[in-house]
1. Within region 43-85, which residues are among the acidic types (Asp, Glu) and either assigned to a strand (DSSP E or B) or within 10 Å of the chain's Cα centre (by Cα) (or both)?
2. If I go through region 16-61 residue by residue, how many of them are more than 14 Å from residue 75 (Cα to Cα) and of a type in the set (Lys, Arg)?
3. Among residues belonging to region 1-33 that are open to solvent by 100 Å² or more (accessible area, probe 1.4 Å) and in a loop (DSSP other than H, G, I, E, B), point out the one that is modelled with the lowest pLDDT.
4. May I ask you to list pairs of residues, at least six apart or on different chains, whose Cβ atoms are under 7 Å apart, with the first in region 37-62 being open to solvent by 70 Å² or more (accessible area, probe 1.4 Å) and the second being modelled with pLDDT of 85 or more and among the acidic types (Asp, Glu)?
Amino acid sequence: MIEPIKELYFGKKKLKVTGNYSVRIDQTVVIEPCSIPEAKINQFVSEQKKADKVAVKSYYGVPPKELDGPYVMKRMHGLLILGKE
């Protein structure tokens with residue numbers, strides 16, 4: 001199921017991002033960012049190698065969806081991929 005995203009919490013770091021995300025059966029999170037500078041995403045990916053917990057907030061006022069890791073983040077074909085390690 002594809003849902004909108006407002007914020008991504010990767011460990012203790014937060015990235016404000018608008019776009020869509022989905023969680024696959026294997027708990028891989030795929031994010032399609034819409035309006036965030038490429039440099040900001042690249043900086044976030046290079047700083048954050050691994051996280052024990054990931055949370056995605058889709059709507060304000062609704063608690064974020066939390067997933068236990070460890071997760072690693074990479075960028076592929078314009079998407080952010082958060083995969084289990």
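The values are calculated or read from the model by the stated rules, or taken from the named source; none is laboratory data. Computed from a predicted model, the values in this text were never measured in an experiment. Backbone-built Cβ (ideal geometry, glycine too); neighbour counts: all protein chains shown. Heavy atoms of the whole protein, side chains included, go into the accessibility calculation; ligands, DNA and RNA do not. Shrake-Rupley method; radii C 1.70, N 1.55, O 1.52, S 1.80 Å.
1. Start the filter on region 43-85 by keeping residues that are among the acidic types (Asp, Glu), which leaves 47, 52, 66, 68, 85.
Of everything in region 43-85, those that are among the acidic types (Asp, Glu) and either assigned to a strand (DSSP E or B) or within 10 Å of the chain's Cα centre (by Cα) (or both) turn out to be 52, 66, 68.
2. The total comes to 4.
3. 1
4. 53/66; 53/68
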